[in-house]
Amino acid sequence: MVDLKYIERKNREPIKVVLFCGSSGAINVLENFLLNIEQGLKVAIVVLLHRKKGTQDYLVKYLNQKICVKVLPVEHGIQIEKGIIYIIPAGYHCIMEKNRTLSLDLSEKVMFSRPSADVSLESFSFNLKEQLIAIIVSGANADGANGAKWVAKRNGKLIVQTPKEAFAKTMPSSVLEAVDRVDHIVPTNELYNTAAKYF
Amino acid sequence: MEVLLEITQAELADFIEISNNLYGVDFSGYAQESLRRRVLRLMKLKECDTFAAFKYFLANQKLTDNELLNEITVNTTEMFRDPEVFKFLKEEVFDIMETYPRINIWHAGCSTGEEPLSLAILLKEHGLLKRSVQYCTDINSEVLAQAKKGIYELREMKEYSTNYIRSGGEQSLSDYYVANYGNVKMNKGLGKSMVYTKHSLVNGSSFNQMHMIMCRNVFIYLTTEQQNKVLRLFLDSLSPRGYLILGAKESAVFSTVFNELETVNGRLKIYRKKK
Ligand SMILES: C[S@@+](CC[C@H](N)C(=O)[O-])C[C@H]1O[C@@H](n2cnc3c(N)ncnc32)[C@H](O)[C@@H]1O
């Protein structure tokens with residue numbers, strides 16, 4: 001018998017959420033980032049990459065073989081939990097409801113992208129405030145810069161890949177231009193340890 | 001610099017009330033976060049810098065009911081979206097439906113009609129179109145009017161053709177339309193099986209004896225409670241052993257009526273009413 005009270009309590013317990021955003025050239029950075037994870041991960045990680053439709057299943061499968069914690073595709077209405085990595089499907093925006101429940105949305109592309117980092121960063125920061133740790137890495141368009149403003153305004157953490165190190169530097173550079181002060185600008189190899197300080 | 005527009009939960013509740021009272025549109029069953037984003041988008045569009053200004057704008061009835069619906073709801077759709085789903089229907093489900101003298105299909109939230117047309121094409125290739133009736137409903141009468149016209153943009157057709165082939169299509173998609181400048185007009189014959197009706201899933205009545213209900217990418221806009229109510233409506237509308245197809249990223253697993261459904265293919269979100 002499931003103890004409903006226990007579930008409710010568990011659901012209300014605040015957890016930190018990492019939102020990892022990238023576009024072209026980001027897959028390698030993501031893999032490098034995730035390979036640092038050890039059992040007992042104390043946060044939830046949500047991954048937003050600009051990808052072609054239909055490439056979702058492959059990435060989830062691939063990462064599940066490589067990473068020691070569970071990797072799941074985002075479905076509408078799931079409540080995210082610590083210790084799990086979630087991959088946003090191509091073709092949908094991903095937003096956060098109360099109680100860390102994720103919704104998907106098919107509204108217009110933003111910055112030519114769906115999923116768009118601007119959309120998720122704004123929505124996640126609205127619901128998570130300072131519990132959000134946003135990471136922005138390689139990408140060839142400026143998606144994410146507007147969203148980063150919201151993260152900063154709502155006291156979330158902003159970690160940006162050193163643009164010089166990025167395969168495509170527009171995405172990280174635009175964030176640096178848009179926001180007065182980000183929390184960290186670090187090379188690829190230090191992204192995980194920098195984020196982990198907040199876990 | 002661009003202003004960072006914000007609205008609070010309370011203001012959103014206010015918006016829901018105003019829409020209901022002044023425009024007769026009930027958004028209370030809609031998921032909060034997408035609604036919040038849509039309202040912010042509409043405020044920007046109408047150049048309202050504060051919620052108070054937006055409220056004034058709405059109170060003075062600066063929109064028509066349908067405009068409000070159009071701006072808040074999302075109508076994005078495609079032909080042969082998620083080809084695997086269509087392929088499954090063609091390979092596993094059509095043979096069962098072949099035994100029915102008349103096939104009733106309900107496309108709930110059909111938007112501009114791409115989805116019903118996709119199914120019509122596959123039904124035709126299976127020799128089932130003539131005995132099918134496809135009820136196409138949506139809350140938005142404007143999208144239904146577009147669906148009736150059957151005119152779409154030519155530049156979309158390349159992707160649709162690929163997905164048509166992936167769905168198990170046996171001909172060429174271009175056999176089903178005539179291109180004219182930037183547009184295509186779908187063949188009239190496909191539309192013969194369609195009945196278009198304005199209908200809201202939030203407070204509308206049930207249908208009778210449906211053999212299949214397709215309702216994809218509508219649940220993503222509704223609260224869990226509202227989804228449960230709509231699933232109840234679907235169960236009441238399905239004939240025994242009727243099929244229910246949800247969107248690729250939606251699920252009936254969490255619902256209160258899940259025990260009345262059998263999962264035919266969980267990954268593709270194809271369910272069947274138990275009896
Ligand atoms: C994103 S579209 C999905 C179209 C199509 N089923 C697909 O998956 O490609 C969602 C549609 O649901 C309709 N809709 C929203 N609320 C509704 C309601 N309460 N009753 C009926 N339709 C509704 C919208 O007007 C819109 O056309």
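Rule-based calculations on the coordinates, nothing more; no lab input. On a predicted model such as this, the values are computed, not experimentally measured, just so you know. We place every Cβ from the backbone using ideal geometry, glycine too, and count neighbours over all the protein chains shown.
Which one of A:TRP150, A:SER123, A:HIS50 is farthest out on the positive end of the charge dipole of the range A:12-196, using unit charges on Cβ (Lys, Arg +1; Asp, Glu -1) and the Cα centre as origin?
With unit charges placed on the Cβ atoms, the residue in question is A:SER123.
I need the phi-derived Karplus couplings for the range B:52-62: 6.51 cos²θ - 1.76 cosθ + 1.60, θ = phi - 60°, integer Hz, Gly and Pro marked x.
4, 5, 5, 4, 4, 4, 5, 5, 8, 6, 7
List, in order, the whole-Hz ³J(HN,Hα) value for each residue of the range A:182-187 obtained from phi through the Karplus relation with A = 6.51, B = -1.76, C = 1.60 and θ = phi - 60°; use x for Gly and Pro.
9, 6, 8, 10, 9, x
Taking 19 Å as the cut-off for C-alpha to C-alpha distance, list the pairs among B:LYS198/B:LYS269; B:LYS130/B:LYS158; B:LYS149/B:LYS185; B:LYS198/B:LYS273; A:LYS42/A:LYS70 that go past it.
Checking Cα-Cα distances, B:LYS198/B:LYS269; B:LYS130/B:LYS158; B:LYS198/B:LYS273 exceed 19 Å.
Towards the positive end of the charge dipole of the protein assembly as shown, with charges on Cβ (+1 Lys, Arg; -1 Asp, Glu), say which of B:GLY191, B:LEU89, A:ILE136 has the farthest Cα.
B:LEU89
Name the residue farthest towards the positive end of the dipole of chain B from the options B:SER132, B:VAL74, B:ILE18, assuming +1 on Cβ of Lys and Arg, -1 on Cβ of Asp and Glu, about the Cα centre.
Looking along the dipole axis, the top candidate is B:SER132.
Would you work out the relative contact order for chain B, in percent, from Cα pairs under 8 angstrom that are 6 or more residues apart?
17
If you place +1 on the Cβ of every Lys and Arg, -1 on the Cβ of every Asp and Glu, and leave all else neutral, what size is the dipole of the range B:9-72 about its Cα centre, to the nearest 20 Debye?
Around 200 debye, computed over the range B:9-72.
Using unit Cβ charges (K, R positive; D, E negative) and no other charged atoms, how large, in debye to the nearest 20, is the dipole of the range A:57-139 about its Cα centre?
Values: 9 positive and 9 negative charges, 61 e Å.
Rounded to the nearest 20 debye, it is 300 debye.
Once you place label points 7 Å from the Cα toward the Cβ at B:GLU159 and B:THR224, how far apart are they in nm?
Each label point is offset 7 Å from its Cα along the Cβ direction, giving 3.2 nm.
Could you calculate, for the protein assembly as shown, the ratio of the Cα radius of gyration to the Kirkwood radius, expressed as Rg to Rh?
0.97
What percent does the relative contact order of the range A:130-175 come to when contacts are Cα pairs within less than 8 Å and at least six residues apart?
So the answer I get is 53 percent.
Could you name the aspartates and glutamates whose alpha carbon sits less than 13 Å from that of A:LYS153, not counting residues in the same chain fewer than 8 places away?
A:GLU122, A:GLU130, A:ASP180, A:ASP183, B:GLU6
Kirkwood-based Rg over Rh for chain A (C-alpha set), two decimals?
Value, to two decimals: 0.94.
Magnitude of the Cβ-charge dipole of the protein assembly as shown, K/R +1 and D/E -1, about the Cα centre, nearest 20 debye?
Here the size comes out at about 660 debye.
Give the aspartates and glutamates reachable from A:LYS52 as a straight Cα distance under 17 Å; neighbours fewer than 8 places away on the same chain don't count.
Cα-Cα hits under 17 Å: A:ASP105, A:GLU108, A:ASP143, B:GLU78, B:ASP82, B:GLU84, B:GLU156, B:GLU159.
Normalised by the number of residues in the range A:12-196, what is the relative contact order in percent for Cα pairs under 8 Å and 6+ residues apart?
22
Using the Karplus curve 6.51 cos²θ - 1.76 cosθ + 1.60 with θ = phi - 60°, work out ³J(HN,Hα) for each residue of the range B:242-257 in order, rounded to whole Hz, and write x for Gly and Pro.
For the range B:242-257, the Karplus curve yields x, 9, 10, 10, 9, x, 4, 10, 9, 8, 9, 4, 7, 7, 6, 9 Hz.
Counting each DSSP H run of 4 or more residues in the protein assembly as shown as -39500 (n - 2.57), what helix-only mean residue ellipticity at 222 nm follows after dividing by all residues, to the nearest 500 deg cm²/dmol?
Computed mean residue ellipticity for the protein assembly as shown: -10500 deg cm²/dmol.
Taking a cut-off of 20 Å between Cα atoms, list the lysines near B:LYS55, but don't count ones fewer than 8 places away on the same chain.
Once the sequence-local lysines are set aside, what remains near B:LYS55 is B:LYS44, B:LYS46.
Just subtract the alpha-carbon distance of B:LYS46 and B:SER206 from 0.36 nm times their residue separation and send over the number in nm, one decimal.
Extra length available between B:LYS46 and B:SER206 comes to 53.9 nm.
Can you list residues from other chains, or at least 5 along the same chain, whose modelled amide H is less than 5 Å from the amide H of A:VAL46?
A:VAL18, A:LEU19, A:PHE20, A:TYR86
Taking amide H positions as placed in the peptide plane 1.01 Å from N, state which residues far from B:ASN183 in sequence (5 or more) or on other chains have amide H under 5 Å from it.
Here B:LEU154 satisfy the definition.
Of all DSSP beta bridges in the range A:12-196, what percent run antiparallel (nearest 5)? Don't skip to the answer; put the middle values down first.
Details: 6 of 31 bridges.
The antiparallel proportion sits near 20 percent.
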